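Data first, discussion second: the structure below is written as structure tokens.
The values are calculated or read from the model by the stated rules, or taken from the named source; none is laboratory data. Note that this is a predicted model, so its numbers are computed, not measured. Glycine also receives a Cβ, built like all others from the backbone with ideal geometry; neighbour counts cover every protein chain displayed.
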Amino acid sequence: MQRHPKIVAIGGGTGLSVLLRGLKKYTKNITAIVTVADDGGGSGILREDLGMLPPGDIRSCLLSLANTEPIMEKLLQYRFTDGNLKDQSFGNLFIAAMNGICDSFETAIKEMNNVLAVTGKVLPMTLQDVRLRAILSNDKEVCGESNIPKYCIENKTYIKRISIEPETCIPTDEALVAIKEADIVILGPGSLYTSIIPNLLIKNISATIYDSKAKCIYISNIMTQPGETDTYTVLQHVESIIDHANRNVIDYVIANGEIIPDDILTKYYKKDGAKPVVPTQGEEEKLKTLGIKLIQGNFVDIKKSYIRHDAQKVSREILELLKNSFGLKGVNNA
């Protein structure tokens, strides 16, 4: 383990879990630090009914790093189709049961790491009951991770600033230690205002990233996200992170430069107005003035008309950066 580079990946949602599947092929020293602000879907129901932290994003990351039989993954990803449990994930219920028999949610997730033989570990960012609040361009305040983008879309407004409630949330000790010891800290990919920035609002997180020896990489989304980043460029994503973190924590930005087929783009645009997030002319120079290096490449993976990051390509780019820039060894297949 000591020969493998230490990587901390911070975020939530589908983007982070996709990336983790790629990273685990190259290093065993992975710590995924996951947001717990989700209040929608099956996670939101369990959060309200059982008073527990939302398990959905944590479940996805656990499965991405798990070393189990395929049938176990299918079981934990299974969603009920009828009755009171309709649309609920069995994996969420598994975590809820572990939470019930363990002393705390933190202990439950540690046990899940063991049960699933996870490569590295998955940690909740905080153990406190976090809620998101957004101030919008129409000066309205909207609460709740699931409500914010929905309100923005319906009222044709946008997010000016995001905050958390309570204002002072304490991170887990393990999360802080992992960041301090990391070679690389990765932000994203994922929803800017509901998966990435909320983690940076937790007490001491952005300061710890800034003060650590680790280089910080932000992986920009491939497409804009309705209700969050409708017209954003790569630079605007970066500026929002810096603004909310109250410091420039980013050293590198990985952004897609690959041309996406028109038929796929048309489907995305017709569905929700999403457009590619591609660095505009002059953004590389602007990022340089911020001390940030832009890494642009072909990082798209399209399956069944869904656009995702190519986890293998992005992971190789990150590990090459570790090998070439920092001279770290053990940057081959894990």
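Only one of these is in contact with a Lys or Arg (Cβ under 6 Å, 6 or more places away or on another chain) and on the phi < 0 side of the Ramachandran plot: 104, 146, 89. Name it.
Numbers: 104 fails: in contact with a Lys or Arg (Cβ under 6 Å, 6 or more places away or on another chain); 146 fails: in contact with a Lys or Arg (Cβ under 6 Å, 6 or more places away or on another chain).
Unique residue meeting the criteria: 89.
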Inset, instruction - For residue 179, state whether it is buried (at least 16 other Cβ atoms within 10 Å of the Cβ) and within 21 Å of residue 253 (Cβ to Cβ). - result: yes
Inset, instruction - Within the stretch 242-294, track down each residue that is over 19 Å from the mean Cα position of the chain (by Cα), within 18 Å of residue 309 (Cβ to Cβ) and β-branched (Val, Ile, Thr). - result: 259, 260, 264, 278
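Name the single residue that is nearest to residue 180 (Cα to Cα) among those in the stretch 4-27 being polar (S, T, N, Q) and not in a loop (DSSP other than H, G, I, E, B). First the steps, then the outcome.
Filtering the stretch 4-27 down to residues polar (S, T, N, Q) leaves 14, 17, 27.
Imposing the further condition that a residue be not in a loop (DSSP other than H, G, I, E, B) reduces the set to 14, 17.
Details: 14: 26, 17: 22 Å.
It comes out as 17.
A quick yes/no check of all residues on (1) in contact (Cβ under 8 Å) with a residue 24 or more places away in the chain; (2) farther than 22 Å from residue 158 by Cβ:
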| site | (1), (2) |
| --- | --- |
| 203 | yes, yes |
| 209 | yes, yes |
| 222 | yes, no |
| 227 | yes, no |
| 234 | yes, no |
| 238 | yes, no |
| 242 | yes, no |
| 259 | no, yes |
Inset, instruction - From (1) surrounded by 21 or more Cβ atoms within 10 Å (Cβ to Cβ); (2) part of a loop (DSSP other than H, G, I, E, B), pick out the condition that doesn't hold for residue 218. - result: (2)
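Conditions tested, residue by residue: (1) under 19 Å from residue 173 (Cα atoms); (2) modelled with pLDDT of 95 or more; (3) under 21 Å from the mean Cα position of the chain (by Cα).
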| residue | (1), (2), (3) |
| --- | --- |
| 93 | no, yes, no |
| 97 | no, yes, no |
| 117 | no, no, no |
| 122 | yes, yes, yes |
| 135 | no, yes, no |
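Go through the stretch 62-117 and give me each residue that's basic (Lys, Arg), in a helix (DSSP H, G or I) and in contact with a strand residue (DSSP E or B) (Cβ under 9 Å, 6 or more places away or on another chain). Don't jump to the end; show me each part of the working.
Taking the stretch 62-117 and keeping what is basic (Lys, Arg), we get 74, 79, 86, 110.
This time we only want the ones that are in a helix (DSSP H, G or I), so: 74, 110.
Passing the criteria: only 110.
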Inset, instruction - List the number of the failed condition for residue 109; all other conditions in (1) at pLDDT below 95; (2) farther than 30 Å from residue 224 by Cβ hold. - result: (1)
Inset, instruction - Output the residues belonging to the stretch 131-179 that are over 20 Å from residue 13 (Cα atoms), in contact (Cβ under 8 Å) with a residue 60 or more places away in the chain and assigned to a loop (DSSP other than H, G, I, E, B). - result: 158
Inset, instruction - Taking only the stretch 66-85 into account, find how many residues are surrounded by 14 or more Cβ atoms within 10 Å (Cβ to Cβ) and of a type in the set (Phe, Trp, Tyr). - result: 1
Inset, instruction - Determine which single condition residue 146 fails, assuming it passes every other condition in (1) modelled with pLDDT of 95 or more; (2) farther than 16 Å from residue 7 by Cα; (3) hydroxyl-bearing (Ser, Thr, Tyr). - result: (1)
Inset, instruction - Would you be able to tell me the number of residues in the stretch 180-215 that are touching a strand residue (DSSP E or B) at 6+ places or on another chain (Cβ under 9 Å), under 17 Å from residue 120 (Cα atoms) and in a helix (DSSP H, G or I)? - result: 1
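Restricting to the stretch 31-61, and then to whatever is among the β-branched types (Val, Ile, Thr) and not in a strand (DSSP E or B), can you tell me which residue is surrounded by the fewest Cβ atoms within 10 Å (Cβ to Cβ)?
Taking the stretch 31-61 and keeping what is among the β-branched types (Val, Ile, Thr), we get 31, 33-36, 45, 58.
When the remaining residues are screened for being not in a strand (DSSP E or B), the result is 35-36, 45, 58.
Values: 35: 29, 36: 27, 45: 17, 58: 29.
By that ranking, first place goes to 45.
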Legend entry - Members of the stretch 185-208 that are among the hydrophobic types (A, V, I, L, M, F, W, C) and either surrounded by fewer than 24 Cβ atoms within 10 Å (Cβ to Cβ) or farther than 22 Å from residue 317 by Cβ (or both): 197, 200, 201, 202, 205, 207
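Could we say that residue 139 is out of contact with any helix residue (DSSP H, G or I) (no Cβ under 7 Å at 6 or more places or on another chain), farther than 27 Å from residue 236 by Cβ and among the acidic types (Asp, Glu) here?
Working: out of contact with any helix residue (DSSP H, G or I) (no Cβ under 7 Å at 6 or more places or on another chain): yes; farther than 27 Å from residue 236 by Cβ: no; among the acidic types (Asp, Glu): yes.
Spelling it out, it is not the case that residue 139 is out of contact with any helix residue (DSSP H, G or I) (no Cβ under 7 Å at 6 or more places or on another chain), farther than 27 Å from residue 236 by Cβ and among the acidic types (Asp, Glu).
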